[in-house]
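In what follows, a structure is listed as structure tokens, so that the remarks can point back to it.
The values are calculated or read from the model by the stated rules, or taken from the named source; none is laboratory data. Source: prediction; values computed, not measured. Quick reminder, even Gly has a Cβ in these numbers, built from the backbone with ideal geometry, and neighbours come from all protein chains shown. To get the accessible areas, we keep the full protein, side chains included, count just its heavy atoms, and leave off ligands, DNA and RNA. Shrake-Rupley method; radii C 1.70, N 1.55, O 1.52, S 1.80 Å.
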Amino acid sequence: MLMKTCTKKFLLLFFLFVYTSVDGQPGFNMLHDLDLPTNHLRKMLVHNDTVIGYGLAYPSDTVGSRQGLLLTKFDSNGVLLKSNLLLEPFGDFYSIGKNWGDITTTFDGGYAMTASALVGNSAYLIKIDHDLEVEFIKEYPDTVNLSNFSYKVLETKDGYLLYGDIQMPDFNLRS
């Protein structure tokens, strides 16, 4: 009986020691200070040996009044390589949500994203390069529908296909 109890205690201490010494990937277990208030990621994309984060943030020079799209790039150990904040140039606010706003890799090694306007009814296709710099932004204004959301992006050999849901003036959803 004594041997059984000692064996259990030894195994318990051994597993506690091993568990506390295992770190996993410590870079993803900590918050990164991007010097941006209320920044958070909504989507993550694994591309080769990097992790691309896509979310929302406010620039540090305003107090919650200028929401933009946050892009981050981490290596496979969680070390922050680069970040970029995209602001809508004409005063509206870019927005994505948990269920809408998409990011995908492109044939040239960059990324394509969808977003919508927080105030207006526009949808956006945003193309960025491998270093998170904007190549182009295409706005799809809509003066009839109440909202554009849940847009996904798919790259084809001839360009990009955006698809998703809209809310019609009668408040019904259409895909």
Legend entry - Tabulated pairs, the range 54-74, first crowded, with 20+ Cβ neighbours inside 10 Å and hydroxyl-bearing (S, T, Y), second outside any strand (DSSP E or B) and at pLDDT below 80, C-beta under 8 angstrom, 6+ apart or interchain: Y58/L36; Y58/P37; Y58/T38; Y58/G64; Y58/S65; Y58/R66; T72/H32; T72/L34
Legend entry - Filter result (open to solvent by 70 Å² or more (accessible area, probe 1.4 Å), at pLDDT 90 or above and not in a loop (DSSP other than H, G, I, E, B)) within the range 123-167: E135, F136, I137, K138
Inset, instruction - Search the range 88-110 for residues that are more than 21 Å from S150 (Cβ to Cβ) and pair each with any residue that is of a type outside the set (D, E, K, R) and open to solvent by 30 Å² or more (accessible area, probe 1.4 Å) when their beta-carbon atoms are under 6 Å apart and the residues are at least 6 apart or on different chains. - result: G109/H130; G110/H130
Legend entry - Residue within the range 103-111 that is closer than 15 Å to K152 by Cα and open to solvent by 30 Å² or more (accessible area, probe 1.4 Å) present: yes
Legend entry - Conditions (1) out of contact with any Asp or Glu (no Cβ under 7 Å at 6 or more places or on another chain); (2) modelled with pLDDT under 80; number of the one not met by S60: (1)
Inset, instruction - Only residues that are modelled with pLDDT of 90 or more, over 10 Å from Y54 (Cα atoms) and within 11 Å of the chain's Cα centre (by Cα): list them for the range 93-113, please. - result: T104
